[in-house]
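The values are calculated or read from the model by the stated rules, or taken from the named source; none is laboratory data. Because the structure is predicted, anything quoted here is derived from the model rather than measured. We place every Cβ from the backbone using ideal geometry, glycine too, and count neighbours over all the protein chains shown. Surface areas here come from the heavy atoms of the whole protein model, side chains and all, with no ligands, DNA or RNA. Shrake-Rupley method; radii C 1.70, N 1.55, O 1.52, S 1.80 Å.
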Amino acid sequence: MLRAITGTLLARIVVLVCTLVAVVLNTRYLGQEGQGAIALINLGILILVSISNIIGGGALIYLIPRMGVARVTAPAILWSLFSSALGMMILKLFNFIDPKFVIHAGILGLLQSLFFFVHQIILSRERIRTYNSLLALQTISLLISMFVVYQLLDQASVSSFILCLYISFGTTLLASVLCVRDALVLRFESGIFKDTLQIFRHGFFAQGGNVIHLLNQRGGLYLLQASLFSAGIFSLCLYAAEAIWNVSKSISLVQHSRISNLSDKSVIRSLTISFTKLSVMFTAPFVLMAVSIPDSWFRFIFGDDLVGLHHALLLFSPAILLHSVTLVFSHYFSGTGLHKHNMWGAALGFIVLISLGAWLTMLYGLNGTVMAASAGWLTNFIYHLIQFHRLECLTIKDFRLRREDLAVIRGHNRS
């Protein structure tokens, strides 16, 4: 298990570096407004994928060992097609992105939905190395495409970035399907409706929480859509937060894959508590590093027009650290079939965001949006902590870092 966590972390570092270079390319070639427009398109794709993942998402890691791959494949593919069409109507109805990009967002959302579905099969089999390789391949192929189109062909634009997304998503989807070609069987049997309902019951809470959390986490972009410059800076804050969470996500990914195949509650509890402590221990130094970087350094990297990122990250920092704990708790709930808690926690956070967001943004602009988003994340953390404590009867001693914590992870390694 420790090897799997380390491999996942290395893969995420590759993703982080490639993402950072991609953001630098976009800001330097397209400016902050171009980066803001791209951030909104990416959010549109994420919304489509989030709808699709109700059937084809993380709940399958828990369900595939219990139902088998054959019974979930047809429902997941059909739902992905439906979600793409529904998502395009939602994006067009709310005028969320430029109308000329809506169809592209729908097709890209479909490709990414199918890619994520195949990932659930890989993770349910605890093939962490394969998952990591595909994750890295997607960002590497995106970066190579951007370099060729922007630099060599001198065709830098938002439309060119969309073309690069097509190349990246298409390449990784094909590679993913090849990795699980022995397991993918598309069958339309008489029990497909019953199987779809069973997946939906789990997936509704699992992905419902993810959709609401997405809105909670990215809703600031919608609040700032009138100012693409501020939206671009806010998107950089989110990229920084995602970078800091790489350790927590590496830990929680392996945790989810492992405990979904366990039945011993004491082992699940021990693993989750150990992962929680390690997540905080490794996240805190990166948070301190991020808030120590001055704006002058950010302007050197992203361009001279970038102002305000340091202060925004400073406001974000407490929520970023506590969300690293939320990630571990949420994967505990997912891995034990208690997906409803992830949805309710995210819903409470979203209520806080929408209650404060417009008001704080009107008063303080970008900083007000950051404060509202932070309040939503903190609310989500408090709910998860309360529910985990209710189920596992935690004490202060449980969260003292011990030498045995690393031993627990090593003791559950899998080849």
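Please say if region 99-169 is rounded, prolate or oblate, where rounded means a/c under 1.5 for a ≥ b ≥ c the square roots of the C-alpha gyration tensor eigenvalues, and otherwise the choice is prolate for a/b larger than b/c and oblate otherwise?
Because a/c hits 1.5 or more and a/b fails to exceed b/c, region 99-169 counts as oblate.
Given LYS265/LYS340; LYS194/LYS340; LYS92/LYS249, which pairs have Cα atoms separated by over 30 Å? Where the Cα-Cα span goes over 30 Å, the pairs concerned are LYS92/LYS249. Placing R0 at 51 angstrom, the Cβ-Cβ distance between LYS194 and LEU93 gives a FRET efficiency of 0.95 after rounding to 0.05. Put a plus charge on the Cβ of each Lys and Arg, a minus charge on the Cβ of each Asp and Glu, and nothing anywhere else: the dipole of region 70-190 about its Cα centre is then about 260 debye.
If you build the convex hull over the alpha carbons only and average its shadow over all orientations, what do you get for the chain? Give it in nm² to one decimal.
On the way: hull surface 77.4 nm².
Dividing the Cα hull surface by four gives the mean projection, 19.3 nm².
Modelled label positions at TYR166 and ALA358, each set 7 Å beyond Cα in the direction of Cβ, lie 3.8 nm from each other. Dividing the helix sum by the residues of the chain, where each DSSP H run of 4 or more adds -39500 (n - 2.57), gives a mean residue ellipticity at 222 nm of -28500 deg cm²/dmol.
Past the 22 angstrom mark, what percentage of all C-alpha to C-alpha distances in region 18-143 do you count?
Numbers: 3484 of 7875 pairs.
Here the long-distance tail beyond 22 Å is 44 percent of all Cα pairs in region 18-143.
Using a simple spin-label model with pseudo-atoms 7 Å out from Cα toward Cβ, MET67 and VAL21 lie 4.0 nm apart. Please say if region 263-386 is rounded, prolate or oblate, where rounded means a/c under 1.5 for a ≥ b ≥ c the square roots of the C-alpha gyration tensor eigenvalues, and otherwise the choice is prolate for a/b larger than b/c and oblate otherwise? It comes out oblate by the Cα gyration axes.
Here region 364-383 and region 59-84 have alpha carbon centers that stand 34 Å from each other. In the full protein context, region 232-297 carries 34 Å² of accessible surface per residue, based on a 1.4 Å probe and ignoring ligands, DNA and RNA.
Can you send over the carbon and sulfur percentage of the accessible area for the chain, probe radius 1.4 Å, protein chains only? Summing carbon and sulfur atoms, their accessible area is 68 percent of the total for the chain.
Loop by DSSP (not H, G, I, E, B), at most 10 other beta-carbon atoms within 10 Å: where is the longest site-free stretch of the chain for trypsin sites (Lys or Arg not before Pro)? It runs 188-399.
Hey, could you get me the Stokes-Einstein D for region 219-302, Kirkwood radius over alpha-carbon pairs, 20 °C and 1.002 mPa s, rounded to whole µm² s⁻¹? Value of D from the Cα-based Kirkwood radius: 139 µm²/s.
With charges only on Cβ, +1 for K and R and -1 for D and E, what is the dipole size of the chain about its Cα centre, in debye, rounded to 20? All intermediate terms of the calculation are to be shown ahead of the outcome.
Details: 29 positive and 16 negative charges, 278 e Å.
The calculated dipole for the chain is roughly 1340 debye.
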